[in-house]
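Here is the structure we will look at.
The values are calculated or read from the model by the stated rules, or taken from the named source; none is laboratory data. Here the structure is a predicted model, which is why all the values come from computation and not from measurement. Note that we place each Cβ from the backbone using ideal geometry, even for glycine, and neighbour counts take in every protein chain shown.
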Amino acid sequence: MRLTAVDRKAAGLGLAPGMALASARAMVPALKVMAANEPADQRLLEKIADWCDGFTPFVALDPPDSLLLDVTGAAHLFGGEQAMLDRLGADLKRQGFTVAGALAGTALAARALARYRSGTVVPQGTDSDAVAPLPVDALGLDPITVHAFRRAGLKTVGQVARRGRAELTARFGAGMVAALDTAMGHAEVPISPRRPLPDVRAENRFAEPVTASETMLATIKLLAQQLAKTLEERGEGARALQAVFFRADGGVRRIAVETGAPTREPAIIARLFRNKLAALADPVDPGFGFDLIRLEAERTEPCQVETATLGSDAARAKDIRFLVDRLAARFGAHRVLSFQPRDTHIPENAFAAVPAQYAENTRLVWEKVGAMGEPPRRPLRLFSPEPVSFPGGEAFRWRGVVHKVRHLEGPERIAMAWWQSPAPDRDYFRLEDEEGRRFWLYREQGVRWFLHGMFA
Amino acid sequence: MSATDPKIVLLRAVLTAAEPLGARVALGVPRLDGALCGGLMRGGLHEVFAAPSQEAAATGFVAGLAVRLGGPLLWIRQDYAGLEFGELAATGLFELGLDPARLVLLRVPDAASALRAAADALTCAALGAVVIELTGAPKLLDLVAYRRLALGAGAYGVTVFLLRLAAESSGIGGAETRWLIRAAPSGDEEEIWGGPVFDVELQRNRHGPAGHWTLEWSCDDGVFRPADRGAVVLASADRPPQAAMAAASAA
């Protein structure tokens with residue numbers, strides 16, 4: 001077993017990661033050891049990344065212990081690059097972390113500087129000057145290469161960089177040269193953010209953390225208006241939106257809503273979120289307040305220019321779609337259903353209730369089983385088939401109650417799809433009892449009877 | 001201020017416009033429509049009770065009323081209601097003449113959610129009607145709840161049907177009309193039975209007399225028709241008999 005990490009005190013006693021546990025114990029008998037938990041470390045890193053989303057949406061994980069943030073175009077919101085770096089560091093320190101950070105033109109340069117010259121902000125275009133004095137370890141290369149550099153007397157990145165390209169490539173491979181180039185700021189490797197970047201987003205930062213739910217809702221509406229402008233310019237509407245609440249103490253909560261059709265109307269978006277927030281089983285807890293609320297359009301689609309006039313069919317259909325979205329936001333998409341016909345004559349499968357938000361138009365149409373003028377041939381309320389007995393006389397017993405039969409119509413033979421299930425064919429009968437109730441019963445294999453539905 | 005005051009004239013015009021011609025929907029049976037002052041009130045709260053083990057009949061009656069009203073329909077059901085009283089079958093609705101494409105089905109865990117969803121849905125004026133299917137007598141359904149539904153229905157012109165299954169009609173409530181529905185036997189002599197036949201008891205009618213009719217639903221034409229039996233018009237308990245008679249004879 002080996003040490004994977006040591007705290008400052010242990011480092012002061014000469015312990016270092018990679019050391020065998022036995023020799024560490026020999027050096028420091030009172031050493032306190034805890035088993036490494038990599039998944040937990042990873043989760044913690046992701047939590048911190050979530051929190052960093054409040055500074056920029058471009059956050060990439062760089063395990064085991066670093067994060068890469070692309071702050072292009074975001075620094076001015078925090079009063080410049082130096083101020084932003086200081087604030088990030090200070091906020092994380094307050095949460096109990098030991099932080100090292102640097103800001104440079106490329107991710108690799110920033111990472112190298114963070115480890116060896118924490119706090120550095122490299123002026124634009126001077127990455128190579130900043131990185132040159134760092135030890136070769138800063139390039140993040142494998143230990144064999146680093147050792148080879150050392151043996152060749154190359155101690156700093158700058159010294160390596162001064163060697164000829166061809167010479168380096170021949171000796172260490174193209175990968176090493178590429179790493180060197182990025183670290184020196186000569187080449188750019190884009191970072192890959194953790195989440196798909198939202199198409200369109202708007203955010204509001206608060207000088208004083210806010211706690212009132214009215215403020216949260218008002219903010220979402222305001223952000224929806226900003227979002228609407230961008231969406232309108234692009235001729236698009238949102239199908240999926242997220243509101244992200246950043247708590248001052250580091251907690252992050254994402255609330256998602258979906259819409260059945262591309263939407264960009266601020267009032268509609270605001271109302272969807274209001275419903276969703278009101279219906280959460282686990283409400284958004286402001287704690288000591290939110291210092292940032294962001295609205296992201298995660299998925300957008302082209303959106304027709306709304307020409308519907310008030311009261312027209314199109315306007316009504318749109319209102320219904322909005323109602324469906326609202327109800328889905330509150331109760332869940334799987335609870336808001338619309339009926340679709342299915343291409344089968346098996347009664348219980350002849351229709352399906354599908355989530356209304358995702359219901360596509362089908363080419364199938366509803367078809368009446370009976371002819372014009374005939375009473376309904378399919379029941380209004382359908383049961384899972386329940387056994388029925390015939391106690392004698394013109395009567396049947398269902399759920400312990402005997403119904404005397406006044407009228408009987410049938411049989412209607414319905415063949416089961418034998419290639420799907422081995423169920424026997426059914427002979428259906430419509431029965432009316434003395435009180436006028438109409439039942440739908442079927443007989444299987446000539447002997448077993450079931451009640452399948454009731455007519456109006 | 002006199003009646004010719006322009007403000008009054010304007011106000012009158014506004015009020016007349018507020019109740020458009022379609023505010024009442026004829027059900028197709030003259031005597032029943034007479035008792036209802038022309039038909040079922042749009043944008044009102046109507047409560048329909050199923051007589052014991054007559055859930056299917058009451059469901060069919062409400063479906064018929066919804067066909068008469070037209071427009072998109074939101075049907076709110078509680079989970080597990082299907083086990084007891086059967087799932088709502090789209091094919092059956094279509095056979096009755098109600099296009100399932102008009103219907104949005106909402107399944108909610110409990111009565112509280114059903115009422116909350118209904119209150120929200122009522123603000124969608126594009127809806128023709130909202131059906132709230134409730135089992136038993138939820139405590140939440142008090143006078144305040146009735147009042148809230150009635151106000152919401154009136155404000156946006158969306159008709160609300162409270163479909164009450166396995167519940168006793170208690171007599172309280174702020175509904176515009178209250179009905180008790182059971183199936184009625186079809187005629188004896190006919191070999192083939194006809195459309196659904198309902199025994200319809202109008203127990204409460206805020207703007208007219210109560211009454212008791214036997215109606216048949218015509219699936220193809222989408223109207224109610226009087227079934228053979230004669231209708232009995234009862235005096236409404238809420239109204240003086242003269243008013244009730246006047247309303248009935250006006251039909």
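Quick look at the values:
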{"item": "Test set (1) out of contact with any strand residue (DSSP E or B) (no Cβ under 6 Å at 6 or more places or on another chain); (2) within 27 Å of A:Leu77 (Cα to Cα); (3) surrounded by fewer than 16 Cβ atoms within 10 Å (Cβ to Cβ) - A:Ala281 fails condition number", "result": "(2)"}
{"item": "Residue count, the stretch B:157-207 (criterion: away from chain A (no Cβ under 11 Å), touching a Gly at 6+ places or on another chain (Cβ under 6 Å) and under 18 Å from B:Ala51 (Cα atoms))", "result": "3"}
{"item": "Criterion: without any contact (Cβ under 8 Å) to a residue 40 or more places away in the chain, part of a loop (DSSP other than H, G, I, E, B) and charged (D, E, K, R) - qualifying residue of A:Lys32, A:Lys93", "result": "A:Lys32"}
{"item": "Matching option when the condition is surrounded by fewer than 19 Cβ atoms within 10 Å (Cβ to Cβ) and either part of a strand (DSSP E or B) or at pLDDT below 90 (or both), among A:Glu432, A:Glu412", "result": "A:Glu412"}
{"item": "Helices (runs of 4 or more DSSP H) wholly inside the stretch A:156-246 containing at least 3 residues that are modelled with pLDDT of 85 or more and touching a Lys or Arg at 6+ places or on another chain (Cβ under 6 Å)", "result": "A:213-234"}
{"item": "Given (1) in the same structural domain as A:Ala278 (by TED's automatic domain parsing); (2) over 30 Å from A:Phe246 (Cβ atoms); (3) modelled with pLDDT of 90 or more, number of the condition A:Leu295 does not satisfy", "result": "(2)"}
{"item": "Meets criteria (over 39 Å from the mean Cα position of the chain (by Cα) and in contact (Cβ under 8 Å) with a residue 12 or more places away in the chain) for A:Arg151", "result": "no"}
{"item": "Failed criterion for B:Glu133 (all others in (1) within 10 Å of chain A (Cβ to nearest Cβ); (2) acidic (Asp, Glu); (3) in a strand (DSSP E or B) hold)", "result": "(1)"}
{"item": "Candidates A:Leu85, A:Leu68, A:Leu108, filtered to the one that is in contact with a helix residue (DSSP H, G or I) (Cβ under 7 Å, 6 or more places away or on another chain), on the phi < 0 side of the Ramachandran plot and in a helix (DSSP H, G or I)", "result": "A:Leu108"}
{"item": "The stretch A:317-335 - residue that is touching a residue at least 60 places away in the same chain (Cβ under 8 Å), of a type outside the set (Asp, Glu) and more than 8 Å from chain B (Cβ to nearest Cβ) and, of those, farthest from A:Leu241 (Cα to Cα)", "result": "A:Arg321"}
{"item": "Filtered residues of the stretch A:367-405 (kept if facing another protein chain (nearest Cβ under 7 Å) and surrounded by 18 or more Cβ atoms within 10 Å (Cβ to Cβ))", "result": "A:Pro375, A:Pro376, A:Arg377, A:Arg378, A:Pro379, A:Leu380, A:Arg381, A:Leu382, A:Phe383"}
{"item": "Yes/no for A:Ala270 being touching a residue at least 24 places away in the same chain (Cβ under 8 Å) and surrounded by fewer than 19 Cβ atoms within 10 Å (Cβ to Cβ)", "result": "no"}
{"item": "Residues of the stretch A:157-193 that turn out to be surrounded by 17 or more Cβ atoms within 10 Å (Cβ to Cβ) and either closer than 30 Å to A:Phe246 by Cβ or out of contact with any Ser or Thr (no Cβ under 8 Å at 6 or more places or on another chain) (or both), as a count", "result": "8"}
{"item": "Given (1) surrounded by fewer than 19 Cβ atoms within 10 Å (Cβ to Cβ); (2) among the hydrophobic types (A, V, I, L, M, F, W, C); (3) at the interface with chain B (Cβ under 10 Å from one of its Cβ atoms), number of the condition A:Phe351 does not satisfy", "result": "(1)"}
{"item": "Residue in the stretch A:418-456 that is farthest from A:Val369 (Cα to Cα), counting only those that are touching a residue at least 24 places away in the same chain (Cβ under 8 Å) and of a type in the set (Phe, Trp, Tyr)", "result": "A:Trp449"}
{"item": "Selection within the stretch A:86-101 - closer than 15 Å to A:Val59 by Cα and modelled with pLDDT of 90 or more", "result": "A:Gly101"}
{"item": "Of all residues in the stretch B:157-173 being outside any loop (DSSP other than H, G, I, E, B) and not aromatic (Phe, Trp, Tyr), the one that is surrounded by the fewest Cβ atoms within 10 Å (Cβ to Cβ)", "result": "B:Leu165"}
{"item": "Wholly within the stretch A:284-395, strands (runs of 3 or more DSSP E) carrying at least 2 residues that are under 30 Å from A:Met416 (Cβ atoms)", "result": "A:336-341, A:351-355, A:381-388"}
{"item": "Condition check for A:Leu364: of a type in the set (A, V, I, L, M, F, W, C), facing chain B (nearest Cβ under 9 Å) and closer than 30 Å to A:Arg321 by Cβ", "result": "no"}
{"item": "Test: residue in the stretch A:417-424 that is within 13 Å of chain B (Cβ to nearest Cβ) and out of contact with any helix residue (DSSP H, G or I) (no Cβ under 8 Å at 6 or more places or on another chain)", "result": "no"}
{"item": "Strands (runs of 3 or more DSSP E) contained entirely in the stretch B:37-127, each with at least 1 residues that are at the interface with another protein chain (Cβ under 8 Å from one of its Cβ atoms) and touching a strand residue (DSSP E or B) at 6+ places or on another chain (Cβ under 7 Å)", "result": "B:73-78, B:103-108"}
{"item": "Residues of the stretch A:135-155 satisfying the condition of being among the aliphatic types (A, V, I, L, M), more than 23 Å from A:Leu113 (Cβ to Cβ) and assigned to a helix (DSSP H, G or I)", "result": "A:Ile144, A:Ala148"}
{"item": "Any pair with Cβ under 8 angstrom, 6 or more apart, that starts in the stretch A:369-393 at a residue that is within 21 Å of B:Ser186 (Cβ to Cβ) and ends at one that is β-branched (Val, Ile, Thr) and surrounded by 12 or more Cβ atoms within 10 Å (Cβ to Cβ)", "result": "A:Val369/B:Thr91; A:Arg377/A:Val369; A:Arg378/A:Val369; A:Arg378/B:Thr91; A:Leu380/B:Thr59; A:Arg381/B:Thr59"}
{"item": "Qualifying residue in the stretch A:22-30 (condition: more than 23 Å from the chain's Cα centre (by Cα), within 29 Å of A:Gln242 (Cβ to Cβ) and crowded, with 16+ Cβ neighbours inside 10 Å)", "result": "no"}
{"item": "Residues of the stretch A:323-359 that turn out to be aromatic (Phe, Trp, Tyr) and modelled with pLDDT under 90, as a count", "result": "1"}
